[in-house]
Structure formats: structure tokens, C-alpha cells
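What follows is one structure encoded as C-alpha cells, with my remarks underneath.
The values are calculated or read from the model by the stated rules, or taken from the named source; none is laboratory data. Here the structure is a predicted model, which is why all the values come from computation and not from measurement. FYI the Cβ positions are ideal-geometry reconstructions off the backbone, even for glycines, and counts take in every protein chain you see.
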Amino acid sequence: MKSTIKLIGIIALIAVIGFSFFACDSSGGNNGTRENILIEGDARFVENTQRALNIIQTGSPASYVMVLRYIGILRQGQSSGMWAWLDPPVFVVGPGTSNATSTWYASAIVHDAIHSKQYHDHLAVHGHVPDEVWTGLAAEMEALDIQIKFLIKIGAPQSEIDYAKSLFNAEWWDGPVTWSYQNLLVFYER
């Protein structure tokens, strides 16, 4: 029985590693760093990410400190999702987010840093993290509320604030293709 469980665990790990190669696109070798955050992606991704981080740092220093604490890697990918269980936590960023306005991208970084914070705060106290602590409606609404407050604080365009507000109680993150295995969730952009 134990060998079967070990075998399933090994197969799951291989699947996660293999999936990571397909889900993430760090081609181009134009990686960068920002304080303790590694930025992995092509030159445009690195530039857009640096611009978004500048907005966070100057517009909301407290949010910037949180981002530095709860995101270790910002990685270019085909879709966006927070991989909080990794060490360091990885925010994989799809082109719909990284190529949006700098204010929107900055707010998305803050949003997903909240998910990583939800995960790690619970882990520190309880030693394990049920999915509902950092995913699902309640977790999304908390992250969205903070994202909206951030957008307002930095003076983002009203259209972005209104759009974010329109997402309350809508399950936008649960797209048509969501792959999960235990704590592995990747949220696909629509």
C-alpha cells in the first residue's frame, strides 16, 4: 500500500514538472531581478513587469513590501495563476495580464500576492492549507477587494476600477479549463 502511494506521488510530481514546462514560457533568456523577485520571460515581459513593480512601489509602499514577501518569481506563461505552494512562490503571468495597462498589471500582481499571503499565513499557523483558504469565492473576493482599493489608491483609470468592481461575486477565475491535483491549481484566462 505504501509503495502504491509513493508511486502515485512520484507520478504526480512528474506530471507537475512536465506541466510546468508546457504552461510556462520563459524563452528568450531575458530574465531580470527586482530586489528579491526573479523575473523570468522575454524582454517585453521583463520591461512590463518592471513598470508594474514601479507602480506598486511608488503608489503603495505597503503593497510593495507584501509583494516582495509573498512572490519570489514572476514568470511569463500562457495563462495566469499563483503557485503559492512552491518555494519561492511563483506568479505565472499570461499575456492578457502582462500586456494590459501597467496599472492593471500592477493590480494583478497585488491580487495574486494576496493569494500567496492567504496560503502562507494559514500554513504558518496550521501546517497545512486546504484549497478553500486561498482559492474559491471567499479568497477571490478578499483579493479582489484589496485589488480595487489598490487601483483607487494609485489613481488607476476609472474603467479599470469599474471593471474590477463588476467582478464581485462572479466566478471569473474558474474558466472552462482548470487542471487541479491536490493543491495544484492553474487559473486560465478567458
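Before moving on, here are some points about what is shown:
- Some residue of region 112-127 being at positive phi, exposed (fewer than 15 other Cβ atoms within 10 Å of the Cβ) and not basic (Lys, Arg): yes
- Filter result for residue 9 (in a helix (DSSP H, G or I) and modelled with pLDDT under 95): yes
- The set of residues from region 141-167 being charged (D, E, K, R) and out of contact with any Phe, Trp or Tyr (no Cβ under 6 Å at 6 or more places or on another chain) comprises 142, 145, 149, 153, 162, 165.
- Any hit, region 166-180, residues being within 12 Å of the chain's Cα centre (by Cα), part of a helix (DSSP H, G or I) and among the aromatic types (Phe, Trp, Tyr): no
- Filtered residues of region 71-113 (kept if in a strand (DSSP E or B) and of a type in the set (Gly, Ala, Ser)): 77, 81
- Once region 110-149 is narrowed to residues that are over 16 Å from the mean Cα position of the chain (by Cα) and of a type in the set (Gly, Ala, Ser), the residue that is farthest from residue 58 (Cα to Cα) is 127.
- The residues of region 102-160 that are aromatic (Phe, Trp, Tyr) and over 16 Å from residue 64 (Cβ atoms), listed by number, are 104, 119, 134.
- Qualifying residues in region 53-99 (those that are surrounded by fewer than 18 Cβ atoms within 10 Å (Cβ to Cβ), among the polar types (S, T, N, Q) and at pLDDT 95 or above) - the one nearest to the chain's Cα centre (by Cα): 99
- Lone unmet requirement of (1) in contact with a helix residue (DSSP H, G or I) (Cβ under 7 Å, 6 or more places away or on another chain); (2) without any contact (Cβ under 8 Å) to a residue 40 or more places away in the chain for residue 70: (2)
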